[in-house]
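Input: a single structure, listed below in C-alpha cells.
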Amino acid sequence: RVFPNPVTGNIIHLQMINQSAGLYNIRLISSEGKVLMTKQIQHYNDGIENIEVESRIPKGIYQLEVSDPGGRKNSISLYY
C-alpha cells in the first residue's frame with residue numbers, strides 16, 4: 001500500500017509486507033498511460049520503501065506498478 005494517499009511532496013512511501021526479498025521494478029504511470037518514472041529498489045524485509053520522485057508531479061490519479069523478482073506485477077492507484 002501507498003501512504004499517505006494522496007501523496008504529498010516528492011516521496012512515495014510504499015509499505016511492503018509479506019513480500020519476497022529481491023530486486024523490484026517500479027513504474028509511475030499517468031492516467032494517459034505515460035510512464036513518468038522507472039526505478040529499481042532492493043527489498044530486504046517487511047517495512048517501508050521510500051521512493052523519491054525526481055520531478056514535481058501534477059495533481060491527478062496515477063498507477064504505481066510494482067514488479068516483484070518473479071515478474072508478477074501489482075498496480076496501486078495513488079493520488080497526487
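In order along the stretch 62-69, phi translates into HN-Hα couplings of 9, 10, 9, 9, 10, 9, 7, x Hz, rounded to whole numbers, per the Karplus curve 6.51 cos²θ - 1.76 cosθ + 1.60 with θ = phi - 60° and x for Gly and Pro. For the stretch 34-45, 3J(HN,Hα) computed residue by residue from phi via the Karplus equation (6.51, -1.76, 1.60; θ = phi - 60°) reads 7, 7, 8, 7, 10, 8, 10, 10, 9, 9, 10, 7 Hz, glycine and proline entered as x. Amide H to amide H, with H built 1.01 Å from N, Met37 comes under 5 Å of Leu28, counting only residues 5 or more places away or on other chains.
Largest mean-square fluctuation among Leu28, Leu64, Leu36, in a Gaussian network model of the chain whose springs join Cα atoms under 10 Å apart, belongs to Leu36.
Count neighbours as other Cβ atoms within 10 Å of each site's Cβ, and list the trypsin sites (Lys or Arg not before Pro) in the chain that are DSSP loop with at most 13 such neighbours.
Details: sites: Arg1, Arg27, Lys34, Lys39, Arg56, Lys59, Arg72, Lys73; in loops: Arg1, Lys34, Arg56, Lys59, Arg72.
Those that pass, being in a loop and sparsely packed, are Arg1, Lys34, Arg56, Lys59, Arg72.
For the chain, GluC sites (Glu not before Pro) are listed when DSSP marks them as loop and at most 16 other Cβ atoms sit within 10 Å of their Cβ; the list is Glu32, Glu54.
For a Förster distance of 22 Å, can you work out the FRET efficiency between the beta-carbons of Ile17 and Ser75, rounded to the nearest 0.05?
Efficiency, rounded to the nearest 0.05: 0.80.
Show which aspartates and glutamates lie in cross-link reach of Lys73 when reach means a straight Cα distance below 13 angstrom and same-chain residues fewer than eight apart are skipped. Output for Lys73: Glu65.
Coordinate-derived values only; no laboratory data. Worth saying up front: this structure is predicted, and the values here are computed from it rather than measured. Neighbour counts are summed over all protein chains in view; Cβ atoms, including those assigned to glycine, are modelled from backbone coordinates with ideal geometry.
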